[in-house]
Structure formats: structure tokens, C-alpha cells
Amino acid sequence: MIRALHRWPGILAAALLIVMTLSGAALSVFPAADRLTAPQAETGQSVATLAARIQTAFPGVEQIRRSPSGRITAYWFVDGAPGAAVIDPATGEGVGSADPNPVERWLTNLHRSLFLGDGGRIAMALGAAAMLILAISGSVLVARRAGGWRRWFAPLRGPLSGKLHVEIARLAVPGLALSSLTALWMSAATFGLIPIAESAPAFPSEVSGETGVPILSIDLLARTQVAALRELNFPYPGDTTDVFTLKTDQGTGYSDQGTGASLGWTDLTGWERVSETIYMLHTGQGAALLGVVLGLMALGVPILATTGLLVWLAGRRSRPRIKGNQPAARAETILLVGSEGGSTWGFAATLHRALSSAGQTVHVAPMSGFDPALHGMAQRFIVLAATYGDGDAPETAKGFIERLKTLATVPAAPLAVLGFGDRGYPDYCGFAQRVADMAETQGWDMLLPFDTINRQSPHDFARWGRGLGEALGIDLELDHQPVLPVTETLTLVSRRDYGAEMQAPTSILRFALPRVTVWKRLTGQGFARFEAGDLLGIVPIGSTIPRLYSLASDWRDGFIEIVVKRQPSGLCSAQLTQLAPGDTALGYVRHNPGFKPGKGRAPLILIGAGTGIGPLAGFIRGNKKRRPIHLFFGMRHLQNDFLYGEELSNWQAKGYLTRLDTAVSRADTPSYVQDALRAERGEVARLIRDGARIMVCGGRGMAAGVTEALAEILSPMGLTPQALRAGGRYVEDVY
Amino acid sequence: MKTLLATLALTTALTLPGLALARPVTLTTTLTNYGGDGAYLAFYVTDASGAYAGSLWMAGGRSRYYTHLSDWHRATAGDTAQIDGITGASVGAGRTLEITLDLADALFDAGYTLRIDAAVEDMRDSPNEVSVPLTTDGAGTAVSGRRYIADFTYDM
């Protein structure tokens, strides 16, 4: 619901909002420029002094105005010819033209009505309303994504366009909300929807009938400071019934032109004060600094509109159409999908296709619309659920758990729950786990035990599918082919080989960066932007399923580097380890924001074994700021597979790497990386106390051993690996 | 010069007691290129003693700007009932406004004066922009305004 409230106003109003905010940002400069260039009155100067000086310089003066920026303008007639000038209040002399700035006038008309009169004003008011809705719905989405309002500025993960969208939005949203609210008020006032009470006092009916009082002896003008002045009108020459009319930031009053006596005063009404404050907050006139800040925030909107559209398009592309979806009431198998980015729909489509061709009647629906009463023929329910943020419901699963909780009786047809997630994140498959727990609490029969799919792995999915097939008594082969990212041809430039003597050939492969188009550079697609720790997907010849390798280089390094160990029956690793310089492979970048060292000066503890050194070496290579890094590296044999051995000592000499501890498993006294950790427990504990972040890369067994060793080291400190993980200080990239 | 035409035939533009006979009068107002937004113009009539007699036309629809038409505003205390049904759009710089209305015969050659107040956003207010006696002889004679009006004519 909230997302729809964010999506549709955004898409419909994007172009309008871009025009509105660009013109608004340009306009915000004028009050500041005015404030800096207009000659200002000295403190305490009275209106009487100012008016007397101006009258000396321009005897035919009719009106004096002071803008909120302090600029004073006088208007006069001399021999029937009109004149006007910006006035220096110190002398009363003209110092500049009073003509309105044509650029400012053009921008103002564009900003408030698109040069289309009242129709344009209404369009812009609708645009302001759209911006307000976007600001509110966007804030709710940011809070939800971050895991609460208190985590408003929590660090972000995800693809660049989505990240940029939120980064800018959370800075700009206060300004955008203020500007759109004030705009709506001003539109309502323009169209007379807000009553503007008249506060001008009745024009004096009794005047002295005399003329020619010296201005300096008019009490009201002598008492009023220039800083409070809005407007002073002189009596019309020859009209003895006319008076001096003074408007200030407090109200309006009249003075007799013969005696100087005050002839009435009315304060501004509350409504007028509110209206003036709102005008100031919107235009920055009288609050130039605020205006500039609001203008800068408004500049975020064109970027927000662009990135928002990119996010929407990416989501749309990734959500496949389900062909041959059976009606909800007739289907025997009900697939309920909880998807955020759309990739879970792809898995649902694969499952739908496989079950349908096995003769089942299958209905696919979002989890959010779940209602057992709709599925009279259901024999089984299968939930495929991703997770959003810290174990929250993804977009198409909102309200599912609440609904499940309130069901009087759960369906008799059994349930299977499959979670989709990324082990690199805390609370892996947290939402799906909660669904499974709640179903169990409610006494729903389980068709299959709860299971998970890590990082959209087709292998995990096929394995789970075989289990499902067994439970259903059918032969179910799930061949999930995620919509393949666009690959590019990568040319190998160099390779370094290790471990041949150990029957475990491992290579550091370096590919040239492919040419990157301007569009990709702008949108951060493809190889335009990647960092160590991101993943290189390689599609081997004769297969459509890509294999992922951790990147050991950054796009700024100018090359793509991975570490590959030849697996006994591996198709992809065999092809890669046989490449000679000049040979090519097909690859693409997959971002892996969960496995990054992050910014800051906190020490890093990097722990890796075997090919797991790859991304860690990349982090060290990029450590130009010489953040303290302690590397624990496990290998089999010191002579044969000390990957990056030479670089590591170079990096240590340069200060990129503070300390290196190695563990060698095939030595006289075999040692594993967790043993090296235990040996350095004092140092490790000290680093953690200093706020260190721990990053582990390598095989699953090694990672489990590391967690165990860390648990021992942490327990005297009253800490656990889980606690560090929850705080984002302990991340793994395991395979 | 571009002509913005607002030709209107009003049965009774100015209702005064005992004035039954009326004739169509065309008011033609051409603005100078003063380099600003559309001008607000108030057309009204004062009697021989200078007292307000009634309004003929208001160019400009937003009442909150009427205080800038200061003589008209002073005479009517900003009473928008005075211009009910005789309000049109503001007039752009360099454009011409043409209004035809039925004016009572008794307004002519009887000391009445037709006045126009003008105001433009962010520019000077110009009350008494035009002030011209209503006489049968004066019909067809162009007069110029003080600041915004290049020429003004009434034709019978």
C-alpha cells in the first residue's frame, strides 16, 4: 500500500517535479544574492530619517518599499515621468535599477504556473501534493527498510540506484516536505481557499486638511525602525484628504500630512502572520540561508526521480509473467510468494512450470492476499518467501503473519516454507523462519521441513525440489535459470599458478577491464563500478548456470582479478584454469554489499583460507588510507600455495597491512587458521575492543571453525559471534 | 501590438438611481512594454466632488492584490461586491484590453471622471494611472497613463 503510494505519484509526477525543483532551486539563489548586494540600513535608523533623505534626493517620491532582504526601493514622479531606484539608506540616493530581474520573473512564472495561468497553477499544486505524498510514503519506506525510525541513517546495502535514492532522500526529505507543505498553503491562498482577513484600518474620515508637515516630525515614522518597514505611501500631491500610509511587519497605520498626528493603527491578524511566515519559509525571502538550504535539497529531486524510475524498471523487468496460472479456487497446489526485488517470483515461475508439467494444477499468488477460503480445492500450500531488512516481510508478503496469527483454523492441507536469503546478512531468511514458526504454533501440518536458498542458488533450489517431489510422489526436477545478467567478454591478461604439486591447482587470474559505455558509467551498470568483495559471475561454455567468484580487485585498479581453484569435477573451474593469456570468458558483476570493509578507521580482522584470500587481498590492496588490518591466512603448504605471498610482504612494507599470521596445514606441526586465531587471542580481543570488524572468507568448514574459536575468545569479554554479527561487525563470505 | 480582446456587452455596468437611458461605450486600453507580469487595472467613476460613484471593470481576479489599486481600494474599502460580474483577467505588458459596456447617458457632461488604478507584481503601484473627464466631446481622444498605460480611449 505504502509502496504503491510512493510508486504511482512518483512515476506520474516525475517530469513535473523535475521542472518544479530545478526552477525552485534556481530561484532560491535570488534572496541570498539580494541580501548580499542590497545596501542595508544601519541599526536603529528610523523610517522618518530614511523618508526624509529620499525626499531630499527625489522630491516627487510617492512610495518607499523594503523587501525582506532589506533592499529599499523608492518610486517617484518628476514632471509626470515615473522613476524608481534601489536606495542606499545611508544617503537616500539611488544606487541601482529597480526593474524586476527578467530571469527571476521568468523562473517564478515557470515555477508557479508553467506559463499556463490558473491551469498551470493547479498542475503545480498537484505536483506539490505529489511531492508531499512521496516525502511521507518515502520516509515510511526508509524507516521500514532500515529497521525503525531510530535507524534513519543506518548504513545501506543494495544496488547503486536504490542506495543513491535512499541516501539522497533521507537528507533531502525534511526540506522537500517543508517546501511542498508551504507550496500547498500558498496555492490554497491564491485560489481563495484560505481566508485572508483584511487588517487595514478604515481610511481616516477626519483629517486636518493641512499639508506640509516635515517628515522628521511625524511621530509614527520617527518611532518605526527601517528594519520593520514594509511600505510607506506618501499623500497624493494636491489631495488634502490623503494621508501617509505606513505598513510594517506589525501592522498598518495612517499619519496626518498636516500635523503628523497618528490617525489609526491596526495590527496584523494571526492569519496574516502565519501566511507571511509560510511565504518566507517557501521563498527564502527574509530567510536567505534557509532558502539556499531548501534549494539544495530540492536539487536532490531530479536524481531521486531518475533513480526511482530505474529502481522501478529493474523491479518490473525481474518479475516474470506466470503462464497458465490456474484459478485460485480450482488449484490443488497454492504457491504463495513473498518477494521484494522480484527474484523470488522467478523461482515461483520455475516451480509453477515444473509442477504444471508434472500434471498438477497450480495457482501462484502474493502472500499478502492470503485467504484460505479462496482455495477450496487446495491440497498443499507452498510459501516462497524472501526477507526485507531485519527479518521484515517483503513487499508482497505484508500482513501475512498477522493474518496467519488470527486464523481460527489453519487449512488441513499441509504447508511447505522455503526461505530465500543471503547468509552474508544478519538474520538469514528471518522472515521465512518467522512464517514457519508461526505456522507451527498455529498447528499447521508441515509438508516438508523448513528450508532455505542461499543467494538464489539454483543448486539449493534443485535439491529442495527433489525433496518436494518425494513428498508428492512425483519426479520433480527444478531447473531454475535466473534471468541471466548481460555478460561481457573478458580477456585474460595474466595468470599465476599455485598448488600444482599438491594436486590442487589454484590460479590468480587477471582479466582486462572491458570497455565501459558512458550510459553504464552513469548508471553504475556492468563493469563500470565494482569493488573487492563483489562477485564475478562466469557463465561456462556448455552451461547456462553462472558460477560466482569473489573479486580480488576494484574497478579503480584497472583490472578484474579472481582466485580460482580447480575443482575435481568442476566445469567452470576447469575452463577457467585452462585459460591462457589472450583467451576469453563470459562474465558479469554481481554486487555483494554485505561483504565490504566499510568506511572508517576501525581495525579490520581478515580471516581467510585457500582461495578465500581473494577478496581479502583486494581489501588490503585498496587500503591506501592505511587502516589497521590484521590478516589470518590459512594454506596447505608454505612453498606451493602461499597465494599473494609476494604482494602481502610489499603491502606490509607500505603499511597497507599491519600484521600477517599464517597457518599451514601440511607441515610438521599442522595448524589451521582458527589455531592461529587462538594463538593471537590477546591481540584479537584487543582489536575487537577497539571496534574491529571481522571478515571471513573461505570454505564452510573453515568458517565454522573460526566462529568456534572466536566464541572462545569473545566469551571472557561477555560477547558472542552472534552479537557481533547482529551489529554488522562480523561478516562472512563462505562457499 | 498584440490585441487581447475582451469584448463584452453589459446591460448595466453602472447602476445609479434614476438613470434609465444608456448607450454602448467601448473602452480601449493599450499597455506599454513595461517589462513585468500582467497588470491589474481598476476602472471606476468618481463624481464632480471626487466621490466614488461606481466601478466599470476590474482586470485581475485575485482580490488579495486589490490593496495595490490603492485609490480604488480606499474608495470602496476593497468591497468585491462592487465588481461582481465585471471582473476579467489581468492584462499583459504591451497588450490591449477592449471592453464594451452600456453606460448611462447621465454620466456624460455632468462632471464625472473615469479613473484607472494600475498595479504590477514587484513593480510600483500606480493609483490614478489615468484620470479623464467623461464628456461627449472627449470621446475618441487618446490619453496616456502615468506609468503602464500607453493610451486609453473611450468611444461611443
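The values are calculated or read from the model by the stated rules, or taken from the named source; none is laboratory data. This one's a predicted model, so the numbers in the text were calculated from it and none came from an experiment. Glycine also receives a Cβ, built like all others from the backbone with ideal geometry; neighbour counts cover every protein chain displayed.
Any residue at all in the stretch A:70-81 that's part of a strand (DSSP E or B), surrounded by fewer than 16 Cβ atoms within 10 Å (Cβ to Cβ) and within 14 Å of chain B (Cβ to nearest Cβ)?
Restricting attention to the stretch A:70-81, the residues satisfying the condition of being part of a strand (DSSP E or B) are A:72-78, A:81.
Subset that is surrounded by fewer than 16 Cβ atoms within 10 Å (Cβ to Cβ): A:78, A:81.
Among the residues that remain, those that are also within 14 Å of chain B (Cβ to nearest Cβ) are: A:78, A:81.
There is at least one residue in the stretch A:70-81 that is part of a strand (DSSP E or B), surrounded by fewer than 16 Cβ atoms within 10 Å (Cβ to Cβ) and within 14 Å of chain B (Cβ to nearest Cβ).
Working only within the stretch A:165-202, note down all residues that are within 14 Å of chain B (Cβ to nearest Cβ) and surrounded by 18 or more Cβ atoms within 10 Å (Cβ to Cβ).
Of all residues in the stretch A:165-202, those within 14 Å of chain B (Cβ to nearest Cβ) come to A:185-202.
Selection gives A:W185, A:M186, A:S187, A:A189, A:A200.
Given the conditions (1) at pLDDT below 90; (2) surrounded by 19 or more Cβ atoms within 10 Å (Cβ to Cβ); (3) touching a strand residue (DSSP E or B) at 6+ places or on another chain (Cβ under 7 Å), which single one is not true for A:R423?
The single condition A:R423 does not satisfy is (2).
Across the stretch A:203-217, what is the total count of residues that are surrounded by 13 or more Cβ atoms within 10 Å (Cβ to Cβ) and either assigned to a loop (DSSP other than H, G, I, E, B) or within 59 Å of the chain's Cα centre (by Cα) (or both)? Steps first, answer last, please.
We begin by selecting, within the stretch A:203-217, every residue surrounded by 13 or more Cβ atoms within 10 Å (Cβ to Cβ); these are A:203-204, A:207-208, A:211, A:213, A:215-216.
Now narrow it down to the ones that are either assigned to a loop (DSSP other than H, G, I, E, B) or within 59 Å of the chain's Cα centre (by Cα) (or both): A:203-204, A:207-208, A:211, A:213.
Looking only at that region, the number is 6.
Please verify whether A:I508 is within 27 Å of A:D641 (Cα to Cα) and at pLDDT 90 or above, treating the condition exactly as stated. I'd like the intermediate steps shown before the answer.
Values: within 27 Å of A:D641 (Cα to Cα): yes; at pLDDT 90 or above: yes.
Criteria met by A:I508.
Could you count how many residues in the stretch B:26-52 are buried (at least 18 other Cβ atoms within 10 Å of the Cβ) and touching a helix residue (DSSP H, G or I) at 6+ places or on another chain (Cβ under 8 Å)?
6
When residues of the stretch A:24-50 are filtered for being free of Cβ contacts under 8 Å to residues at least 40 places away in the same chain and among the small types (G, A, S), how many remain?
Number of matching residues: 1.
Which of (1) hydroxyl-bearing (S, T, Y); (2) part of a helix (DSSP H, G or I); (3) within 13 Å of another protein chain (Cβ to nearest Cβ) is the odd one out, the single condition A:T245 does not satisfy?
It fails just one condition, (2).
Among the strands (runs of 3 or more DSSP E) lying completely within the stretch A:539-637, list those that include at least 3 residues that are farther than 23 Å from A:V696 by Cα. So that I can check it myself, show each step before the final result.
Working: elements: A:547-550, A:559-565, A:584-590, A:604-609, A:629-635.
By residue number, A:584-590.
Which ones in the stretch A:102-122 are facing chain B (nearest Cβ under 9 Å) and exposed (fewer than 15 other Cβ atoms within 10 Å of the Cβ)?
Correct list: A:P102, A:G117, A:D118.
If A:E477 passes every condition in (1) free of Cβ contacts under 8 Å to residues at least 40 places away in the same chain; (2) over 30 Å from A:V696 (Cα atoms); (3) surrounded by fewer than 21 Cβ atoms within 10 Å (Cβ to Cβ) but one, which one does it miss?
(1)
With the condition kept exactly as written, say whether any residue in the stretch A:136-144 is at pLDDT below 80 and either within 12 Å of the chain's Cα centre (by Cα) or under 29 Å from A:F595 (Cβ atoms) (or both). Spell out the reasoning first.
Applying the first criterion (at pLDDT below 80) to the stretch A:136-144 yields A:144.
Adding the requirement that they be either within 12 Å of the chain's Cα centre (by Cα) or under 29 Å from A:F595 (Cβ atoms) (or both) leaves A:144.
Yes, there is a match, as at least one residue in the stretch A:136-144 is at pLDDT below 80 and either within 12 Å of the chain's Cα centre (by Cα) or under 29 Å from A:F595 (Cβ atoms) (or both).
Select from the stretch A:218-242 the residues that are in a loop (DSSP other than H, G, I, E, B) and either out of contact with any Phe, Trp or Tyr (no Cβ under 8 Å at 6 or more places or on another chain) or within 19 Å of A:S67 (Cα to Cα) (or both) and list them in ascending order. Break it down into steps so the answer makes sense when it comes.
Step one: of the stretch A:218-242, the residues in a loop (DSSP other than H, G, I, E, B) are A:218, A:224, A:234-242.
Of everything in the stretch A:218-242, those that are in a loop (DSSP other than H, G, I, E, B) and either out of contact with any Phe, Trp or Tyr (no Cβ under 8 Å at 6 or more places or on another chain) or within 19 Å of A:S67 (Cα to Cα) (or both) turn out to be A:T224, A:F234, A:Y236, A:P237, A:G238, A:D239, A:T240, A:T241.
Being touching a helix residue (DSSP H, G or I) at 6+ places or on another chain (Cβ under 8 Å), away from chain B (no Cβ under 13 Å) and more than 26 Å from B:G88 (Cβ to Cβ) is the requirement here; does A:G94 meet it? Quick ask: steps written out before the conclusion?
Details: touching a helix residue (DSSP H, G or I) at 6+ places or on another chain (Cβ under 8 Å): yes; away from chain B (no Cβ under 13 Å): yes; more than 26 Å from B:G88 (Cβ to Cβ): yes.
Against the criterion (touching a helix residue (DSSP H, G or I) at 6+ places or on another chain (Cβ under 8 Å), away from chain B (no Cβ under 13 Å) and more than 26 Å from B:G88 (Cβ to Cβ)), A:G94 qualifies.
It is to be established whether one or more residues within the stretch A:218-234 are within 11 Å of chain B (Cβ to nearest Cβ), under 60 Å from the mean Cα position of the chain (by Cα), at pLDDT 90 or above and surrounded by 15 or more Cβ atoms within 10 Å (Cβ to Cβ). Step through it out loud before you land on a result.
Step one: filter the stretch A:218-234 for residues within 11 Å of chain B (Cβ to nearest Cβ), giving A:231, A:233.
Applying the additional criterion that residues be under 60 Å from the mean Cα position of the chain (by Cα) yields A:231, A:233.
Restricting the remaining residues to those that are at pLDDT 90 or above gives A:231, A:233.
Cutting the leftovers down to surrounded by 15 or more Cβ atoms within 10 Å (Cβ to Cβ) gives us A:231, A:233.
Yes.
With of a type in the set (K, R), in a helix (DSSP H, G or I), within 28 Å of A:P82 (Cα to Cα) and touching a residue at least 12 places away in the same chain (Cβ under 8 Å) as the only criterion, which of A:R53, A:R7 stands out?
On the way: A:R7 fails: within 28 Å of A:P82 (Cα to Cα).
Sole residue among the options that is of a type in the set (K, R), in a helix (DSSP H, G or I), within 28 Å of A:P82 (Cα to Cα) and touching a residue at least 12 places away in the same chain (Cβ under 8 Å): A:R53.
Please work out which one of (1) within 26 Å of A:L548 (Cα to Cα); (2) touching a Gly at 6+ places or on another chain (Cβ under 7 Å); (3) surrounded by fewer than 24 Cβ atoms within 10 Å (Cβ to Cβ) is the condition A:A602 fails and give its number.
Failing condition for A:A602: (1).
Let's see how each residue does on (1) crowded, with 17+ Cβ neighbours inside 10 Å; (2) at positive phi; (3) out of contact with any Phe, Trp or Tyr (no Cβ under 7 Å at 6 or more places or on another chain):
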site: A:H637; (1), (2), (3): no, no, yes
site: A:L643; (1), (2), (3): yes, no, no
site: A:Y656; (1), (2), (3): yes, no, yes
site: A:A667; (1), (2), (3): no, no, yes
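Go through A:I168, A:I194 for me and flag whichever is in a helix (DSSP H, G or I) and of a type in the set (V, I, T). Give the steps one after another, and end with the answer.
On the way: A:I194 fails: in a helix (DSSP H, G or I).
After ruling out the rest, the residue left standing is A:I168.
Being touching a residue at least 40 places away in the same chain (Cβ under 8 Å), among the hydrophobic types (A, V, I, L, M, F, W, C) and either in a helix (DSSP H, G or I) or surrounded by 15 or more Cβ atoms within 10 Å (Cβ to Cβ) (or both) is the requirement here; does A:A703 meet it? Give the steps one after another, and end with the answer.
Details: touching a residue at least 40 places away in the same chain (Cβ under 8 Å): no; among the hydrophobic types (A, V, I, L, M, F, W, C): yes; either in a helix (DSSP H, G or I) or surrounded by 15 or more Cβ atoms within 10 Å (Cβ to Cβ) (or both): yes.
Answer is no for this residue.
For the stretch A:445-474, name all the residues that are assigned to a loop (DSSP other than H, G, I, E, B) and surrounded by 15 or more Cβ atoms within 10 Å (Cβ to Cβ). So that I can check it myself, show each step before the final result.
Here is the first cut: in the stretch A:445-474, the residues assigned to a loop (DSSP other than H, G, I, E, B) are A:445, A:447-450, A:455-457, A:473-474.
If the condition is that a residue be assigned to a loop (DSSP other than H, G, I, E, B) and surrounded by 15 or more Cβ atoms within 10 Å (Cβ to Cβ), then A:L447, A:L448, A:F450, A:R455, A:Q456, A:S457 are the ones that fit.
Among the residues of the stretch B:127-149, how many are more than 13 Å from chain A (Cβ to nearest Cβ) and not charged (D, E, K, R)? Working first, answer last.
Quick first cut of the stretch B:127-149, residues more than 13 Å from chain A (Cβ to nearest Cβ) only: B:132-142.
Still in the list and also not charged (D, E, K, R): B:132-136, B:138-142.
Residues in the stretch B:127-149 being more than 13 Å from chain A (Cβ to nearest Cβ) and not charged (D, E, K, R): 10 in total.
For the stretch A:43-69, give me each residue that is over 21 Å from A:L220 (Cα atoms), more than 51 Å from the chain's Cα centre (by Cα) and buried (at least 19 other Cβ atoms within 10 Å of the Cβ).
A:F58, the sole residue that qualifies.
From the residues in the stretch B:91-126 that are within 13 Å of chain A (Cβ to nearest Cβ) and not hydrophobic (A, V, I, L, M, F, W, C), which one is farthest from B:D137 (Cα to Cα)?
Among those residues, the one meeting the criterion is B:D122.
All but one of (1) exposed (fewer than 15 other Cβ atoms within 10 Å of the Cβ); (2) in contact with an Asp or Glu (Cβ under 8 Å, 6 or more places away or on another chain); (3) of a type in the set (V, I, T) hold for B:I116, so report the exception by its number.
Answer for B:I116: the failing condition is (1).
Scan the stretch A:161-172 and give yes if some residue there is in contact with a His (Cβ under 7 Å, 6 or more places away or on another chain) and closer than 30 Å to A:L304 by Cα, otherwise no.
Taking the stretch A:161-172 and keeping what is in contact with a His (Cβ under 7 Å, 6 or more places away or on another chain), we get none.
No; the residues of the stretch A:161-172 include none that is in contact with a His (Cβ under 7 Å, 6 or more places away or on another chain) and closer than 30 Å to A:L304 by Cα.
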